[in-house]
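Student: Encoded as structure tokens, here's the structure I'll be asking about.
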Amino acid sequence: MTAPDTHRAIEAVWRIESARLIAGLTRIVGDVGAAEDLAQDALVAALERWPESGVPDSPGAWLMATAKHRAIDLLRRRALLERKHEQLGYELEAVQEMAVPDLDAAIDDHVGDDLLRLMFTACHPVLSTEARVALTLRLVGGLTTEEIARAFLVPASTVAQRIVRAKRTLAEARVRFEVPRGAELAGRLSSVLEVLYLVFNEGYSATAGDDWMRPALCEDALRLGRILAGLAPEEPEVHGLVALMEIQASRSRARVGPSGEPVLLLDQNRARWDHLLIGRGLEALRRAEELGGAEGPYALQARIAACHARAHTPEETDWKRIAALYDVLAEVAPSPVVALNRAVAIGMAFGPAVGLERVDALTSEPLLRSYHLLPAVRGDLLDKLGRFEEARAEFERAASLTRNARERDLLLQRAAACAGRPVVTGPSRERKAPMSS
Amino acid sequence: MRFMLLVKADKNSEAGVLPDEKLLTDMGKYNDELVKAGVLLAGEGLQPSSKGARVKFSGSKRTVTDGPFSETKELIAGFWLIQVKSKEEAIEWVKRAPNPFPGTESEIEIRQVFEAEDFGPEFTPELREEEERQRAAMAKKR
């Protein structure tokens with residue numbers, strides 16, 4: 001193997017092993033910051049040794065052994081420095097545990113628990129949302145600071161700072177490395193799910209930049225979701241979120257046109273949907289339902305996505321069922337965006353006039369004031385009602401509000417298509433897609 | 001990116017010999033590891049070629065041949081479909097797999113799956129044409 005080959009192999013090993021490594025080390029040394037430093041040291045050691053010695057047969061075990069030696073040194077130094085420190089007992093216990101002859105087996109037994117603890121720690125509520133996202137991708141996803149920066153279109157130094165600050169916050173708040181129990185669990189779990197879905201959405205419909213989608217982020221979020229489903233198989237909403245992401249990701253290929261422009265749901269070539277992912281999504285949804293979670297917010301959204309996935313043509317879409325599911329979602333997880341989507345579904349199920357009535361009721365909603373999809377949806381409904389001049393103005397307004405270049409082009413196209421069309425009486429027969437995709 | 005990991009057949013798999021308990025356990029553990037890492041999309045073991053068939057294409061002619069097929073080493077006994085970041089990561093995962101035919105020499109081939117972007121910009125005119133054709137066909141159906 002040449003040196004660059006070895007480097008790529010080491011990167012691959014890191015991607016596979018880093019989360020377990022950091023998780024296992026955090027249990028030993030007590031905080032994620034120190035654990036990540038130890039893991040990074042082991043990585044540096046591998047980068048020095050492996051190009052000459054070759055990649056060992058069990059690279060993960062090698063990294064763990066190397067990092068553990070350093071962890072023991074660290075604990076000894078800490079014990080010397082802070083003899084009276086209250087954590088001493090805890091740390092000594094960890095050192096003793098490491099004296100168990102079959103160290104790797106001991107570590108392996110904890111791997112699942114440790115990874116789950118790591119996810120909960122990275123998504124801890126003491127951290128800002130941005131910090132949770134960066135820390136999760138870095139510690140659990142194994143992404144480099146540069147990769148995270150590229151994904152979110154911010155300078156690498158910004159991400160690096162966010163991560164350093166997040167680690168400090170966790171240490172200062174003395175956040176325990178544990179899986180929350182009882183009443184705390186639900187809230188903490190929803191924070192983890194929120195972070196994963198946020199990452200997914202940033203990939204699925206980039207809020208800014210030139211690309212309509214950044215598929216690598218979707219893949220990372222899906223991978224983390226699938227990992228979480230393996231770690232917490234009894235939690236219905238985890239499966240609900242995985243189902244939602246699998247079904248949405250199944251449309252990735254179809255929702256980008258030949259020159260990178262967005263293709264809306266009802267215009268998509270359904271033969272290009274990924275039926276493997278749809279099958280996985282429906283399976284995950286079935287699991288969520290079996291666990292009694294059919295009415296969880298993510299499961300409900302997955303059920304709505306499943307209605308689209310099951311329709312072989314846009315005409316087959318069961319809009320009445322979708323509207324009914326939105327009715328439930330609006331009760332379980334009310335939000336202006338849900339209300340807007342509900343209005344779209346109602347418009348599709350019961351006609352654009354009814355839909356427009358619903359949308360108009362939302363125009364005074366402060367949270368939607370600068371949300372580009374509100375005028376986009378209004379424009380669409382007005383277009384269907386033959387009120388082209390009003391529709392054009394709405395599409396233009398939507399275009400001025402979006403930060404995504406591809407989406408702006410699409411909205412301006414729709415505005416242009418409305419311009420100069422004669423006003424017709426009665427609704428147009430054409431069924432254009434709403435803005436969801 | 002996605003990779004298909006192809007397990008090459010051997011005389012035992014072709015004879016329909018089922019894996020023993022140890023191999024089943026090891027494979028189960030390995031599959032579990034792939035699932036827990038969030039990389040496994042699909043995976044199946046295949047019945048011997050004696051239960052399969054081939055359709056040979058020659059111009060517009062189709063000829064069906066029933067299995068078994070003789071060139072054992074070229075046959076496939078099973079596959080995994082995984083989603084990873086690089087070929088190296090796929091290789092790392094394959095190195096961790098149990099030997100599919102313990103005690104013998106066996107092989108797992110790693111092949112990358114085409115993604116839409118692999119076709120590059122030069123493919124877009126045809127793609128667009130295809131899209132338009134399908135749309136026209138759908139419009140007619142309405």
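Student: Mind listing whichever residues of the stretch A:48-64 are surrounded by 15 or more Cβ atoms within 10 Å (Cβ to Cβ) and touching a residue at least 24 places away in the same chain (Cβ under 8 Å)?
Tutor: Once the filter is applied, which keeps residues that are surrounded by 15 or more Cβ atoms within 10 Å (Cβ to Cβ) and touching a residue at least 24 places away in the same chain (Cβ under 8 Å), the stretch A:48-64 yields A:TRP50, A:PRO51, A:VAL55, A:PRO59, A:GLY60, A:ALA61, A:LEU63, A:MET64.
Student: Could you go through the stretch B:3-25 and let me know if any residue there is assigned to a helix (DSSP H, G or I) and over 19 Å from B:PHE101 (Cα atoms).
Tutor: Initially, the stretch B:3-25 is screened for residues assigned to a helix (DSSP H, G or I), giving B:11-14, B:21-25.
Keeping just the survivors that are over 19 Å from B:PHE101 (Cα atoms) gives none.
No, the stretch B:3-25 contains no residue that is assigned to a helix (DSSP H, G or I) and over 19 Å from B:PHE101 (Cα atoms).
Student: Can you go through A:GLU295, A:GLU289 and tell me which one is farther than 18 Å from B:GLU115 by Cβ, outside any helix (DSSP H, G or I) and of a type outside the set (Gly, Ala, Ser)?
Tutor: Sole residue among the options that is farther than 18 Å from B:GLU115 by Cβ, outside any helix (DSSP H, G or I) and of a type outside the set (Gly, Ala, Ser): A:GLU295.
Student: Could you pull out every one of the helices (runs of 4 or more DSSP H) wholly within the stretch A:117-222 that has 2 or more residues that are touching a residue at least 60 places away in the same chain (Cβ under 8 Å) and among the small types (Gly, Ala, Ser)?
Tutor: A:182-204
Student: Another question, if that's okay. Please go through the stretch A:228-244 and give me each residue that is within 11 Å of chain B (Cβ to nearest Cβ), touching a Gly at 6+ places or on another chain (Cβ under 7 Å) and crowded, with 24+ Cβ neighbours inside 10 Å, ordered by number.
Tutor: Listed by number, the list holds a single entry, A:VAL242.
Student: So, one more: Quick test for you: out of A:ALA299, A:ALA284, A:ALA294, pick the one residue that is surrounded by 20 or more Cβ atoms within 10 Å (Cβ to Cβ), modelled with pLDDT of 95 or more and either out of contact with any Asp or Glu (no Cβ under 9 Å at 6 or more places or on another chain) or away from every other protein chain (no Cβ under 14 Å) (or both). Before the answer, list the steps.
Tutor: Details: A:ALA284 fails: either out of contact with any Asp or Glu (no Cβ under 9 Å at 6 or more places or on another chain) or away from every other protein chain (no Cβ under 14 Å) (or both); A:ALA294 fails: surrounded by 20 or more Cβ atoms within 10 Å (Cβ to Cβ).
The conditions single out A:ALA299.
Student: Would you please name the residue that is modelled with the highest pLDDT, looking only at residues in the stretch A:256-281 that are more than 11 Å from chain B (Cβ to nearest Cβ) and assigned to a loop (DSSP other than H, G, I, E, B)?
Tutor: Checking each candidate, the answer is A:TRP273.
Student: Moving on to the next point. In the stretch B:1-58, how many residues are surrounded by 12 or more Cβ atoms within 10 Å (Cβ to Cβ), hydroxyl-bearing (Ser, Thr, Tyr) and either free of Cβ contacts under 8 Å to residues at least 12 places away in the same chain or within 14 Å of chain A (Cβ to nearest Cβ) (or both)?
Tutor: 2
The values are calculated or read from the model by the stated rules, or taken from the named source; none is laboratory data. Since we're looking at a predicted model, the values are computed, not measured. Positions of Cβ are backbone-derived with ideal geometry, glycine not excepted, and every protein chain shown enters the neighbour counts.
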